[in-house]
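One structure below.
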Amino acid sequence: MKISVVVPSFNEEGNIPEIVNQLTLRLAKYDSYEIIFVDDGSSDQSLTLLEKFHTSDRRVNYISLSRNFGHQNALKAGLDFASGDCIVSMDADLQHPPEMIDQLIEKWLQGYDIVYTKRMVDKKLSFFKRKSSSLFYKLINFLSDTKIEDGTADFRLVDKSVLSVFSNMKENDLFIRGLMKWVGFKQFCIEYYPNTRFSGTSKYSVAKMFKFALKGITSFSVKPLYLSTLLGSFISLLAFGYGIYALCIGLFTDRAVSGWSSVIISVLFIGGLQLMMMGIIGEYIGKLFMQAKGRPQYIIRKKSF
Ligand code: UDP
Ligand code: MG
C-alpha cells in the first residue's frame, strides 16, 4: 500500500521545512509513501529547499512549473504524477492539519473512494474569509446542479481509481472540488477545525478569489444564461405594459412630452442590464475560446522523478 501526498505551493519557503517534517513523521508508519510538492512558479527559495530535501530523502519529490499556473492547475499536475494507491492533497501552509491523514486513510481502508473534509466555522479565520466563503457556496449551490458543501476545500483523499478518471479531464478552467463531487463514487466527509497559517500570508488575493468563484460557477452551470433569459423576458413584459400606457397617454391626453425622466431611467436600466447579460454570455464564449486552443493545464520546467 503506497500513499501519495500532493502539496501545491507558491512562495511557501517558510512552511516547506515544517510541513516536510510533520508529514515524514506522520507517514513513517506506512510501508511506502511519497510526498509531491508542486512548486507553482515561486519566486522565493522554495525550489532550492525542495531540491535539498529530495537529495536527503528520495520520497520527497517536487514538480516545478514554468510559471505561476494557479493553485488548481498546480494540484492537477501533482495528481497526474502521483503513483500511490490513495492520494491525499493538502495546502502547504499547515492550515490542513497533517495529523488528520490517519483518519482519512482509515476511512479509505473502510472502502470509501473519496474522503473529503469540511472546514468548520472557526474564529481563527478572518471575518471576511468566512463570510465571502459562505456566500460563495450559497451562490454556487443556487446556480449549479453539482452541490458543494460549505467549507470543502482541496484537502481530501482520493483512491487511485478516482484519479484515473480525473487524469483524463482536460478542462481548462479547473475547479477540482466541484469535479470531485461530480465524479460520484463512494464519498465520506470528515469535519475539522483549520489551523492558522504557519508562516507567510495567504496567496489568494481578493481578485484571485473572485476569479475562482466565477470559474466555479460558470464551470458547473449554465443557469446564469437561463436567468438572463428569464430576466430579459420579464423586463420585456414590463416594457410592453409601459408601452401601452405611453400609447394611451399619447392618444387620449395632452401630457405627451412630459415623462423624460421615465424614458431616461428605462434606457439606462435596460442598457445596464444588457451589458451585464452580454458579460455573462461573454464569459461562456471566453471559456469556449480558451478550451478550443487546447493549451496544456500546466508546463513543467523541472521535476525530481
Ligand atoms: N497556491 C498555489 N498557487 C497559487 C496560490 C496558492 O499553489 O497561485 C497554494 C498555496 O501555496 C497553498 C494553497 O495553494 O499551499 C492554498 O493557498 P492559501 O493558503 O494562500 O489560500 P487560503 O488558505 O488563504 O485560502
Ligand atoms: Mg491557506
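Values quoted throughout were computed directly from the atomic coordinates according to the rules given, and no laboratory measurement underlies them. What you see is a predicted model; the values in this text were computed from it and never measured. Please note: Cβ atoms are built from the backbone with ideal geometry, for glycine as well, and neighbour counts cover all protein chains shown.
Basic side chains Lys and Arg get +1 at the Cβ, acidic Asp and Glu get -1 at the Cβ, and with that the dipole of the chain about its Cα centre reaches some 400 debye. Using R0 = 35 Å, the C-beta based FRET efficiency linking ASP31 and SER66 works out to 0.50.
Using a ≥ b ≥ c from the Cα gyration tensor of region 49-97 (square roots of the eigenvalues), is it rounded, prolate or oblate, where a/c under 1.5 gives rounded and otherwise the larger of a/b and b/c decides, a/b for prolate? Provide the component values of the computation, followed by the final result.
Numbers: a/c = 1.30, a/b = 1.15, b/c = 1.13.
It is rounded, given that a/c, with a ≥ b ≥ c, falls under 1.5.
Scattering from the chain was approximated by placing one identical point on each alpha carbon and applying the Debye formula without solvent; log10 I(q)/I(0) at 0.07, 0.08, 0.09, 0.14 1/Å stands at -0.36, -0.45, -0.53, -1.07. Helix screen, the chain: DSSP H segments with Cα axial length of 15 Å or more and mean Kyte-Doolittle hydropathy at least 0.0 are 16-27, 46-56, 127-143, 206-220, 223-252, 260-293. Semi-axes of the equivalent ellipsoid of region 172-279 are 49, 19, 11 Å, computed as sqrt(5λ) over the eigenvalues of the C-alpha gyration tensor in descending order.
Once the cut-off is 14 Å, how many percent of the Cα-Cα pairs in region 107-150 end up in the long-distance tail? Please list the in-between numbers first.
Numbers: 582 of 946 pairs.
Result: 62 percent of Cα pairs exceed 14 Å.
Only alpha carbons enter this Debye calculation for region 115-191, each as an equal point scatterer, and the log10 of I(q)/I(0) it gives at q = 0.13, 0.14, 0.18 Å⁻¹ is -0.44, -0.51, -0.81.
Radius of gyration over Kirkwood radius for region 10-117, both on Cα atoms: the Rg/Rh ratio is 0.95.
Taking 0.36 nm per residue of separation and subtracting the Cα-Cα distance, what length does fully extending LYS160 through GLN291 add? Please report the intermediate quantities before stating the final value.
On the way: separation 131, 0.36 × 131 = 47.16 nm, distance 2.63 nm.
Here the answer is 44.5 nm.
In plain terms, the chain from LYS118 to ILE281 could stretch by 55.4 nm, reckoned as 0.36 nm per residue minus the Cα-Cα distance.
I'd like the distance between the alpha-carbon centres of region 70-148 and region 215-290, rounded to an integer number of Å. Spelled out, the Cα-based centre of one part sits 39 Å from the other.
Report the label-to-label distance for SER199 and THR229 in nanometres (one decimal), using points 7 Å from each Cα along the Cα→Cβ vector. So the label points at SER199 and THR229 sit 5.4 nm apart. Pairs of Cα atoms nearer than 8 Å and 6+ residues apart set the relative contact order; for region 46-130 it is 12 percent.
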